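What follows is calculated from the coordinates using simple rules that are stated; it is not laboratory data. In this text, all values refer to a predicted model and were calculated from it rather than measured experimentally. Virtual Cβ from ideal backbone geometry, glycine too; neighbours counted across all protein chains shown.
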Amino acid sequence: MLKNQNFDVAAARRRCLAYRRRILDISQQVTAAHIAPALSCLEMVDVVYHGLMRPDPTARHLSFLDGFLMSKGHGCLAQYVILEDLGVLTKADLDRYCTPAGQLGAHPDYGVPGIEASTGSLGHGLGIATGMAYADKIQGDGRRTFVMLSDGEMQEGSSWEAMMMAANLEVGNLIAFLDLNDFGGLARMSEGHPAFYPIFDKVRAFGWEAVEVNGHDASAVYEAVMARSGRHPFMVVGKTVKGKGVSFMEHVAIWHYRSPSKEEYAQAIAELTEVSS
Amino acid sequence: MRNTFAQTFYEAAKRDKRLTVVVADISPAGSMQKFREEFPERFINTGVSEQIMIGLCAGMALRGLRPFAYTIATFTIFRPFEFVRDDICYQNLPVTLVGIGGGVTYSTLGGTHHAMEDVAVAGAIPNMSIIAPCDPAETRAATLWCVEQTRGPVYLRLGKAGEPDLTSNAADAWEFGRLRYLRKGSDVCILSYGPIMKMVFGLAERFERAGKSASVVSAHTLKPLDRAGIAATLAAHEHVVVIEECVPRGGLAGQVKGIAWEQGAACRLDSFTLQDEFIHRYGSYADLLAAHGLDVETISAKLGLA
């Protein structure tokens, strides 16, 4: 259940295990899934939806006072399985993922329940989120905007235009999560693009308040956000593992795109079941 | 046009607190400065950062504000093109993208600052509307429409400053999506839009001197184009001339020819556009237009007018 106090880490661990299995299930329906990028950010997205986003008490169906953008749109399976769990999306929606009968694609699309902006082209989400946060700030409605970024999209100049403006506009109601899994679609960033690092220092130097945590440690992620000052835009730099939870996917670039075979799927599910026992 | 836009926007913004402006390091002309001083929270300068200018507008529109992005046309459309496409048009948000200096208005700044393809490029994007007023009064009417509209994205293509009044005696009122007869003739019709309209009136005089009664039409709304109005114009005149400050592909001229083909128009049809060429030339706005063959003498000669 949704809680804003005393984030239940054990429950989060159970949820994320089930979400991982659900993501792998979907990978057996179509070949259009980005598995590993969803697995790396999963705990942080879980914290957003189950710990940070405030449900609108006046709404008949679940909706939130706060906003969330999946700027790394290719990680949207993490968002979809959570929205399914919350009842915002249906099982049928996920069963029809990437099919003509469905409404969910491999990138989030504005207008779909629970999806607040169309993302997927990288380097867009932070700017849009900054605009949303600024509008909320000057309209005084107390909303917060959460946004999930990939480290790969921080190679886009537009991300840094947004970093500067968010700090200039002092949007203390903007909270970003950086899924620092060190992989783009092709290779490790630390090898192919070493000047990207140190990223944490760059974030701070651009006028943001930031903390670096283990991005799979839900408690650390939650505590970091709760402890922010609220005076500046805030970023959780979450060190993560691409393909987290499935041994043969972890840190292997090909799983950015690839869908597992039946045998690989069986092995992955077995691993995720073992962890739960 | 700049000052008229600013004054009109300022008046509207006093009534509607949702109206906001995001500029990218462009000096706020005329009343934009008053707006900035009175409503500092609703005026954002992103500096030389056009992608975030568009991204901010998208985010603010998603939260119920009515943002206007405002800078030189090349930097409104070309530099942040994919942000215009994805953030604004794909999501069909009611954001007005104001481009100052459409066409070759910035005649001394060189080709980097000429928005020769802006209408073609903006018009290629689904959901986008395009309005290109020809004088200050049309700029005012178009701006008033933009601040009210809920249709979706608009590219408002303006000139610069000092444009003469061309429409105070217009036959028709300004209406979004409708051709506007600025003067009615019976033989020839010149279809055009934007600040080049001043030259168009000079050409109309040449037709009159040659004994041809000339209509002048402002096709201010380039998208959605008034196809029925163009069809009627093609049917009502023996000769139609399209003059536009845009590259040959993707602008008004090709569309008028398409409509003429579809309806089997019997009239003579000529078009004069910017050249499909970067011309390395500096001078007055008229000098730049002339370098592209868009001056009364060149066009008159090509049309066989004395």
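Here chain A is assigned +1 on the Cβ of each Lys and Arg and -1 on the Cβ of each Asp and Glu. Its dipole about the Cα centre then comes out at about 340 debye.
The charge dipole of the stretch B:2-157, taken about its Cα centre with unit charges on the Cβ of Lys, Arg, Asp and Glu (plus for the first two, minus for the last two), comes to roughly 400 debye. Taking the alpha carbon gyration tensor of the stretch A:116-201, multiplying each eigenvalue by 5 and rooting it gives semi-axes of 26, 13, 10 Å, largest first.
Using a 10 Å cut-off around each Cβ of peptide B:74-86, what is the average number of partner chain Cβ atoms that fall inside?
Mean inter-chain Cβ contacts per residue within 10 Å come to 2.
Put one equal scatterer on each alpha carbon of the stretch A:26-86, apply the Debye formula with no solvent term, and list log10 I(q)/I(0) at q = 0.12, 0.14, 0.15 1/Å to two decimals. So the normalised log intensities work out to -0.32, -0.43, -0.49. Helix B:252-263 sits at what angle to the longest principal axis of chain B, using alpha carbons and giving 0 to 90 degrees rounded to 10? So the inclination is approximately 60 degrees. Computed per residue of the protein assembly as shown from DSSP H runs no shorter than four, each worth -39500 (n - 2.57), the mean residue ellipticity at 222 nm is -11000 deg cm²/dmol. Taking every DSSP beta bridge that has both ends in the protein assembly as shown, the antiparallel portion is near 10%. With the convex hull drawn around the C-alpha atoms of chain B, the volume per residue stands at 116 Å³. Toward the positive end of the charge dipole of the stretch A:9-276, with +1 on the Cβ of Lys and Arg and -1 on the Cβ of Asp and Glu, the farthest Cα among A:VAL171, A:SER121, A:PHE68 is that of A:PHE68. Modelled this way, with points 7 Å down the Cα-to-C-beta line, the labels at B:SER168 and A:GLU271 are 7.8 nm from one another. Sorting the Cα pairs of the stretch A:64-209 by distance into bins of 5 Å, from 0 upward, gives 2, 10, 18, 20, 18, 15, 10, 6, 2, 0 percent per bin.
Normalised Debye scattering of the stretch B:2-157 at q = 0.11, 0.19, 0.21 Å⁻¹ gives log10 I(q)/I(0) of -0.36, -1.19, -1.51, counting only Cα atoms as equal scatterers and leaving out solvent. In this structure the amide hydrogen of B:ILE72, modeled in the peptide plane, comes within under 5 Å of the amide hydrogens of B:ILE100, none closer than 5 places in sequence on its chain.
Note on the stretch B:88-157: Cα convex hull, mean projected area over all directions, 4.8 nm². Cross-link pairs exceeding 22 Å in C-alpha to C-alpha distance, out of A:LYS72/A:LYS137; A:LYS72/A:LYS202; A:LYS72/A:LYS244; A:LYS137/A:LYS202; B:LYS184/B:LYS212; A:LYS91/A:LYS242, comprise A:LYS72/A:LYS137; A:LYS137/A:LYS202; A:LYS91/A:LYS242. Each of A:HIS74, A:HIS251 has some number of other Cβ atoms within 10 Å of its Cβ, and from fewest to most they run A:HIS251, A:HIS74. Axis angle, to the nearest 10 degrees, between helix B:50-62 and the longest C-alpha principal axis of chain B: 70 degrees.
Taking only alpha carbon atoms, the protein assembly as shown gives an Rg to Rh ratio of 1.06, where Rh is the Kirkwood radius.
On the beta carbon distance between B:ALA228 and A:ALA10, with R0 = 51 Å, the FRET formula returns roughly 0.15. Simple point charges give the picture: +1 on the Cβ of Lys and Arg, -1 on the Cβ of Asp and Glu, and for the protein assembly as shown a dipole about the Cα centre of about 840 debye.
Label-to-label distance for B:ASP187 and A:ALA101 is 6.7 nm, based on points extended 7 Å past Cα in the beta-carbon direction. Going from the residue with the fewest nearby Cβ atoms within 10 Å to the one with the most, B:ARG249, B:ARG151 rank B:ARG249, B:ARG151. Where both bridge residues fall in the stretch A:163-244, DSSP classifies roughly 10% of the beta bridges as antiparallel.
Partner shielding of B:31-44 amounts to 1, given as the average count of beta-carbon atoms from other chains within 10 Å of each residue beta-carbon. Note on the stretch A:9-276: dipole from Cβ charges, positive end direction compared against A:VAL45, A:GLY131, A:GLY185; the farthest Cα belongs to A:VAL45. Listed from fewest to most Cβ neighbours within 10 Å, the set A:TYR97, A:TYR197 follows the order A:TYR197, A:TYR97. Please report the antiparallel percentage of DSSP beta bridges with both residues in chain A, rounded to the nearest 5. Among the beta bridges of chain A, antiparallel pairing accounts for roughly 10 percent.
On a per residue basis, the convex hull of the C-alpha atoms belonging to the stretch B:1-58 measures out at 77 Å³. Over all orientations, the stretch B:144-189 has a Cα convex hull whose mean projected area works out to 4.7 square nanometres. Summarising the label geometry, the points placed 7 Å from Cα in the beta-carbon direction at B:TRP261 and B:GLU205 lie 3.7 nm from one another.
Its Cα gyration tensor gives the stretch A:1-122 an equivalent ellipsoid, and the semi-axes of that ellipsoid, as √(5λ) in whole Å with the largest first, are 22, 17, 13.
For the stretch B:130-216, the orientation-averaged shadow of the C-alpha convex hull comes to 5.7 nm² (one quarter of the hull surface). By the equivalent-ellipsoid construction on the alpha carbon gyration tensor, the stretch A:159-277 comes out with semi-axes of 32, 18, 11 Å, ordered largest to smallest. Residues whose amide H comes within less than 5 Å of that of A:PHE64, counting only those at least five positions distant or on another chain, are A:ASP56 (H built at 1.01 Å from N in the peptide plane). Given a cut-off of 26 Å, what percent of all Cα-Cα pairs of the stretch A:9-276 lie beyond it? Summing the P(r) tail past 26 Å for the stretch A:9-276 gives 36 percent. With Rh defined as the Kirkwood radius, the inverse of the mean 1/r over Cα pairs, the Rg/Rh of the stretch B:44-115 is 1.00.
Each Cα pair under 8 Å and six or more residues apart adds its separation to the average, and for chain B the resulting relative contact order is 16 percent.
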